[in-house]
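The structure appears below as structure tokens.
What follows is calculated from the coordinates using simple rules that are stated; it is not laboratory data. The shown structure was predicted, so the numbers you read here are calculated from the model rather than taken from an experiment. Because the Cβ atoms are built from the backbone with ideal geometry, glycine has one as well, and the counts that use them run over all protein chains shown.
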Amino acid sequence: MLAAFLLLAPPLYFLGPFAALLLLAGIRARREVLAFLAASIGIVVSMTGAAGLGLGLLRASGVALALAFGVLSLRSRGPVLARAGAALLVAVVAIAAWCGIRGVGWNEVERAFATMLVEAYRSVPNLTTNPATRQELETLIRPVLEAVPRIARLMPGLLALQALAGIGLAALWQHRISRVPTGTPPLPFRRFRFNDHLVWGAIFTLASLLAPLPPVWRALAENLLVVWAGLYAIRGLAVFSALLARAPVILRIGAVALAVLLNLVALGTCMAIGLADTWLDIRKRLLPSASEGVP
């Protein structure tokens, strides 16, 4: 199911913040010019073509995210994740305001995402002219098409995670390419963590789902829960990455293969470890020589 948003999530979530950071740092060297031109071309390509409501919202959110992150990075030298979270909130408010002005309700947004996903997946079998291959592809995507309504309902939360990841990658590559990079460099993935007090946000979000909320507020709470679950799963994965950093290569390959085979179990385990790390600080206990920080 996560493949749905990975398939359609716009590259603007990476290219927009990347181009903004390059501009703020100043484009001087040849590699900076080439990187900025490549990002600009990618942005133009992403913005071209007819767009319904679903794709239009994706494009608008990408532009809003890039502008908000660029403005927040003008003077702020704070952690990348903090700036990314603030930019995400600004983008969400901007898109919500736009929808309110245009009279677009949550049900319309959900239907637009569902239509976009269905059209995208139904076009996959047409990529081949071989009847046998086409039939196999139709069989493969049938469960995904059945799950489209649930995916569309959680699309904003999935896209929020994509936005945070895109900004993180943009900051990482900008520090690799620019001679004088902007802002604080992101920490290595194995040191990924965030403020431990944010766990209360996850707790209150989960508790709110037990209350008789109106449909729109319930959808909002469900998408927030997706964001919290994703963040803690990433944190748990970072813990495993740190613990396996010095392990033999064969053990790391085996761990990756096992995680792929048991993907749902691996996801749940990562979330549990990420939550536990809030109180236990696992990396500090097991790797006392590692220098930890909040990205």
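Miscellaneous remarks
- In Hz, Karplus ³J(HN,Hα) per residue of the range 110-125 (6.51, -1.76, 1.60; θ = phi - 60°; x = Gly, Pro): 4, 5, 5, 5, 5, 4, 4, 5, 4, 4, 5, 6, 5, 7, 4, x
- If you take all other residues with their beta carbon under 15 Å from the beta carbon of ARG252, and give Lys and Arg +1 and Asp and Glu -1, the sum is +2.
- Base-10 log of normalised Debye intensity for the range 187-295 (one unit scatterer per alpha-carbon) at q = 0.11, 0.18 Å⁻¹: -0.41, -0.92
- As a length-normalised measure over Cα pairs under 8 Å and 6 or more apart, the relative contact order of the chain settles at 23 percent.
- For the range 138-239, applying the loop criterion from DSSP together with a ceiling of 15 other beta carbons within 10 Å to the trypsin sites (Lys or Arg not before Pro) yields ARG179.
- Relative contact order for the range 187-295: 42 percent, from Cα pairs under 8 Å spaced at least 6 residues apart, divided by residue count.
- Rounded to the nearest 20 debye, the dipole size of the range 187-295 about its Cα centre is 340 debye, using +1 on the Cβ of Lys and Arg and -1 on the Cβ of Asp and Glu.
- Among (i) 68, 50, 33; (ii) 67, 40, 29; (iii) 54, 49, 46, the entry that matches Cα extents along the principal axes in Å as calculated here: (iii)
- Candidates LEU261, LEU145, LEU161, ranked by Gaussian network fluctuation over the chain, Cα under 10 Å, top entry: LEU261
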